[in-house]
Amino acid sequence: MNLAPLDPDRVGWAGGIESITLDGTRYFFGFDYSSDLVLSPLLEDQAKMAAYAAKYMAQRDGTHDEAYWSELVTDAVDNSDLTEPDDRDFSTDDLRSGRTTYHLRYLLGAASSWNTDLFEDDEVVAALKRLELDPDEDWESVDRCMELTGPDAELVVSRYFVSLGENLQGNWRTVFAPLIER
């Protein structure tokens, strides 16, 4: 197995294992809860996820072998330290229509290293101000725009999806292509 780290600067970081499903396919990934950052690509195979974690991740008490991580991967099927189990299931149809949840937007932010280039776009800032939203609130403003209608909200949401396409790391961009290419 030759799985490269998602971000070489995050090798050895402490994290746990989480999972999501897309169209019934379960994907596992490493997550650093203290920094709210994704640590791994999305992996379908439990054994590969355990091997990846053993090679590139740690826990607060240090590194562990694949058997240790395998237990955490198995636990991630039914449990999450990020959200309720029902909030981890997504469909391509929802993605294509732009329907997202707060949890999904949070994960995608974490998988794009919380890149804030979107909020340096003058048209996005102007649209947020016209909507009486604070551009400095970054992601909260995007969440509010998801609930609004009209050209300004649509502009912010559209640019948000473009930004994700430019900044999602590793295979996160490929797996969530139906959302970012809509």
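Which residue fluctuates most in the GNM of the chain (Cα springs below 10 Å): T63, T92, T83?
T83
What percent do you get for the relative contact order of segment 8-87 when only Cα pairs under 8 Å and 6+ apart count?
31 percent
Springs between alpha-carbon pairs under 10 angstrom, Gaussian network model over the chain: which of S34, S19, S91 fluctuates most?
Among S34, S19, S91, the largest GNM mean-square fluctuation belongs to S34.
Considering only DSSP beta bridges with both partners in the chain, what is the antiparallel share in %, to the nearest 5?
Values: 11 of 14 bridges.
Taking every DSSP beta bridge within the chain, about 80 percent pair in antiparallel fashion.
Rounded to a whole number, what % of the accessible area of segment 8-87 do carbon and sulfur atoms account for, probe 1.4 Å?
That share works out to 42 percent.
Determine the relative contact order of the chain: mean sequence separation of Cα pairs under 8 Å and six or more apart, normalised by residue count, in whole percent.
Taking the mean separation of contacting Cα pairs over the length of the chain, I get 20 percent.
Against the globular-protein guess of 2.2 N^0.38 Å, express the Cα radius of gyration of segment 93-181 as a ratio, rounded to two decimals.
Numbers: Rg = 12.2 Å, N = 89, 2.2 N^0.38 = 12.1 Å.
Here the Cα radius of gyration is 1.00 times the empirical estimate.
Which residue fluctuates the most in the chain, going by a Gaussian network model with Cα springs under 10 Å, if the choices are L128, L155, L107?
Between L128, L155, L107, it is L155 that shows the largest mean-square fluctuation.
The values are calculated or read from the model by the stated rules, or taken from the named source; none is laboratory data. Note that the coordinates shown come from a computational prediction; the quantities given were computed from them, not determined experimentally. Areas reflect the complete protein model, heavy atoms only, side chains present, ligands, DNA and RNA absent. Shrake-Rupley method; radii C 1.70, N 1.55, O 1.52, S 1.80 Å.
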